[in-house]
Each structure stands twice: as C-alpha cells, then as structure tokens.
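Remarks on the structure that follows.
The values are calculated or read from the model by the stated rules, or taken from the named source; none is laboratory data. Since this is a predicted model, take the numbers as computed values, not measurements. All Cβ positions, even for glycine, are placed from backbone atoms using ideal geometry, and neighbour counts span all protein chains on display. Note: areas computed on protein heavy atoms with side chains; ligands, DNA, RNA excluded. Shrake-Rupley method; radii C 1.70, N 1.55, O 1.52, S 1.80 Å.
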Amino acid sequence: MVARTPRAHHRGVLRALLLENLHPFATSILASEGIEVITRTGALDESELIEALDGVHLLGIRSKTNVTEEVLANAPDLIAVGAYCIGTNQINLAAAARNGVPAFNAPFSNTRSVVEIALADIIALTRRLTVLDRAMHQGVWNKASEGSHEVRGRTLGIIGYGNIGTQLSVLAENLGMSVVFYDIAEKLALGNARRMETIDELLDAADVVTLHVDGRDGNAGLFGGKQFARMRPGAVFLNLSRGFVVDYTALAEAIESEHLAGAAIDVFPVEPKRRGDAFVSELRNLPNVILTPHTGGSTEEAQEAIGRFVSNKLRDYLTTGSTTLSVNVPNLALEQTAGSHRLAHLHRNTPGVLAAVNAVLANHGVNIEGQMLATRGELGYVVTDVGSDIAPDAVDALARMSQTVRLRLLS
Ligand SMILES: NC(=O)c1ccc[n+]([C@@H]2O[C@H](COP(=O)([O-])OP(=O)(O)OC[C@H]3O[C@@H](n4cnc5c(N)ncnc54)[C@H](O)[C@@H]3O)[C@@H](O)[C@H]2O)c1
C-alpha cells in the first residue's frame, strides 16, 4: 500500500517509465521484480511528462528530461526518480523531497572510465603522441626522442583526492609514477602517495598536474595564470573535472609560450548541447593539446554500470525502503527482521514525530521489532518493522498525521 497525504493509493501493478534510451539492464532489473516497464528513447517536455506519469510509480531519466516542481506536483503516483547519470541538476530535488519522492543517481559508476582516460592522456602527452600522429597523417616522418619521456619515475600531482583522484593514484603508482596530492578535506594517502599542504607545494613537485575536484561554487577559477606560471617548465596539465574551474585563456598562453609541454582537456565552461554542434575554444589547434568532448566517463561499461546501479537503488527503495545514497531524502537502510511487516514513513522533520508514530502503533497493539530514523533538513524518515499485521485503521491514523509526507506499507 502506498499512502500519500491527503489521499491513499492501493498497490496494484507497479509501473516504471524509463526515458532517454537507458541500458537494457535498467529495464531487466526492474522487470525481474514484477514491475511493468515502459521505455522510450527520447526525453519528454514538461506537459508530455506530466501526461506520461499518470499511473507511473518509478521514473528513469538521463540529463535531458527536466523533473520540475510542476511535474512533481502533478505526478501523485510517483514514488521515486532515478537519474541514470551522475548529475541531478535536471531534477528539482527540494520539490521532490517535499513530495516524498527520493531521487537516486550513479555517483561513481563511471569513475574507472575517467581514470583510464586520464592515464591514456598522461602517457599520450608525455610521449607527444598526438603531435607525432598528426605529422604522420600529414605525411611527415618525424623520428626523434626530444620532448618524449617515460612516465615511470615522473611525479603526478592530483588535485582533488576523491573517487577518481584516489583510483588514479593507485594505478599511476603501478605505472611507476610518484604521486603527490592536494585535497581540502582530510584524506587517507593510498600506497606511497604523499599529501601536500598547499596547491603551490604540489605544483613545485609535479611533472603532470591533474584536476579532479568537485563542482562546488567556490572552485570557479581555481586554476589560472598564477598556477600555470608556478607549474614546472615542461610540465603537462589535465582537466577532466569541471570546465569552470580553469581559466583556459591562461592555459592557451602557457602552451603557446612553451612554458607547459601540453594539456588534455575534457570539460569546458560552455559545452555544445548536441552531438555534431560546433565547438569553439581558444584551445583548438594548439600543439600537444588533447581535446575530448566531455567523454571522460562515456564508455559502454560505464553505461551498463549506471543502468545496473540506479535500477538496483530504485528496486531496493521499492521493496525494502532503503534510501542509501539518495541525493535528496534522509539516507537509511534497516535490516529486516524475518517475518516482520515494514512501514516506511517520510515526514516533515518536527519534534516528536517518532513518539507520535510509536504511540499510534502502541494504541493499536502493534509491537515494534526494529526501527531506524534519519533526518535531512526539513525531512525525516522512519522505517519500522512490526511483528503483526497492521490494522487498516492504524495505517490510516499514520497517513493522517499532519507531518506525514508519504507512508508505505512494504510487506
Ligand atoms: N569528464 C567526465 O566525463 C567526468 C565523469 C565523472 C566525473 N567527473 C567530474 O570529476 C570530478 C571528480 O569526481 P569524483 O567522483 O572523484 O568526485 P569526489 O566528490 O569523489 O571527489 C572530489 C574531491 O575533490 C576535493 N576538492 C573539492 N574542492 C577542492 C579544492 N578546491 N581543492 C582540493 N580538493 C578539492 C573534495 O574534497 C573531494 O575529495 C567531479 O567534478 C566530477 O563532476 C567528470
């Protein structure tokens, strides 16, 4: 049963709508749970989406479908949204939370793909592969060793030691590189990697500097002329994190002056919207500069991992109430006591809600066998396992509580 104040829904067939051509695993994982899955290849605009969500409990999208406040207000059947990608800007997360709709994404399903392209870029830049390749295609045989290096023994400086930075650290050491890193948060140094106290200290040490910071506002313009000037002469630079973090005009100058020996860039402050659109940048046609169209994480393996990851999250939320890694509601996962029945209650986070829920259960003679509460901002979430069947009037009493956003009876 799914109850969402003020009205209650009775559980029949559960339906998922998957848009934007998701990996087949996205469908098969949900279908194996008995969910009826409708797939569409394209995105939908607001009014089309509202119409399509009638009778739909789970929505799966990528980056091109906007789940607006209006959509959420007009989709009373919707239980959860899956963003089958990394970013969640296309979903109004606050409105989704207010409507009791958890959103899930795939924050690290493409981490390995980014790490591999970073390694490819590092070796290609250090050996000037694209310069040799371009000359060969122009019919020029330029056999020389000047400016080409092994990566073994060189120092890699990683700025942002998160999911991607740490995995790159491990693989780069396996190639024989020395690794130094800088992160604003306290991080465990893996292998022989050494933490630097400042970005400048890292720039003084590194032959290769690579950015893997997150997209927080404060990182705008993090790297510019001052940092490029501080880099070692002949060093190379990579940015596969966010475009707005780097001043690319300053990078172009550092390449043209030959202070830096090359760069690999995958992300740009303004990126073309569609495949085939023109790409404008001061970095075009510079020697030993590798440009890729934000494809750091774009592999078939990553798409498969994303399909699997997000559908598993939606399935788990549906069947167990687990909100682990949801980006907008309190996160919790409660192991279920055998033979118990489960109530999942999303509510407005005001003092005394837990006591009120338990009082309703006690008044109806229901014994609690397991319970977990988590809060996040204005929202609270309590999952309760009870030993006996819950009488419909107890469920109604919980659904009618003024703080209730959504109540689900899971088993
Ligand atoms: N090119 C692509 O296709 C692609 C694919 C996936 C991720 N990304 C981007 O890569 C970046 C890293 O992803 P992740 O999964 O490793 O993220 P993450 O959140 O795991 O790690 C980011 C790290 O950067 C640190 N950090 C933030 N600001 C910093 C600063 N100013 N100086 C030093 N450290 C700072 C954080 O403390 C954190 O440890 C993100 O910006 C993400 O959007 C790009």
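Given H placed 1.01 Å from N in the peptide plane, which residues other than close sequence neighbours of G370 have an amide H under 5 Å from its amide H?
HN-HN under 5 Å from G370: D385.
Which value, in debye to the nearest 20, gives the size of the charge dipole of the chain about its Cα centre, when Lys and Arg are +1 and Asp and Glu are -1 at the Cβ?
For this selection, approximately 240 debye.
Summing +1 for each Lys or Arg and -1 for each Asp or Glu, what net charge is found among the other residues whose Cβ lies under 11 Å from the Cβ of Q371?
In short, -1.
What is the antiparallel percent of DSSP beta bridges lying wholly in the chain, to the nearest 5?
40
Could you please state, rounded to a whole Å, how far the C-alpha centre of the range 54-70 is from the C-alpha centre of the range 280-341?
16
Take the Cα gyration tensor of the range 28-107, multiply each eigenvalue by 5, square-root it, and list the three semi-axes largest first, rounded to whole angstrom.
17, 15, 13
Quick one: plug the Kirkwood hydrodynamic radius of the range 279-411 (C-alpha pairs) into Stokes-Einstein at 4 °C, 1.567 mPa s, and report D in µm²/s.
Rounded, D is 74 µm²/s.
Lys and Arg at +1, Asp and Glu at -1: add these up for the other residues within a Cβ distance under 13 Å of A252 and post the number.
-4
Could you tell me, in Å, what Rg and Dmax come out for the Cα atoms of the range 127-243?
15.7, 51
List the relative contact order of the chain as a percent without decimals, with contacts defined as Cα pairs under 8 Å and 6+ residues apart.
Here the relative contact order equals 16 percent.
Can you give me the three principal axis dimensions of the range 176-237 from its C-alpha atoms, in Å, biggest first?
Projected onto its principal axes, the Cα set of the range 176-237 covers 31, 29, 17 Å.
List the GluC sites (Glu not before Pro) in the range 156-215 that DSSP assigns to loop (not H, G, I, E or B) and whose Cβ has at most 11 other Cβ atoms within 10 Å. Which are they?
Within the range 156-215, the qualifying GluC sites (Glu not before Pro) (loop, at most 11 other Cβ atoms within 10 Å) are E186, E197.
For the range 82-167, list log₁₀ I(q)/I(0) at each q in 0.16, 0.23 Å⁻¹, using the Debye formula over Cα point scatterers of equal strength and ignoring solvent, two decimals each.
Computed log10 I(q)/I(0) values: -0.80, -1.10.
Which whole-number percentage describes the relative contact order of the range 152-240, with Cα contacts under 8 Å and a sequence gap of 6 or more?
33
Please report the accessible area of L18 (heavy atoms, 1.4 Å probe, ligands and nucleic acids excluded) in Å², nearest 10.
Surface open to solvent at L18 totals about 10 Å².
Based on alpha-carbon positions alone, could you give the equivalent ellipsoid semi-axes of the chain from the gyration tensor, as √(5λ), descending, whole Å?
50, 23, 18
For a quick size check, give me the Cα extents of the range 257-320 along its three principal axes, largest first, whole Å.
Taking the Cα atoms of the range 257-320, the three principal extents are 60, 25, 19 Å.
Tell me the net charge near G296. Cut-off is 10 Å between Cβ atoms, G296 excluded, with +1 for each Lys or Arg and -1 for each Asp or Glu.
My count for the surroundings of G296 gives -3.
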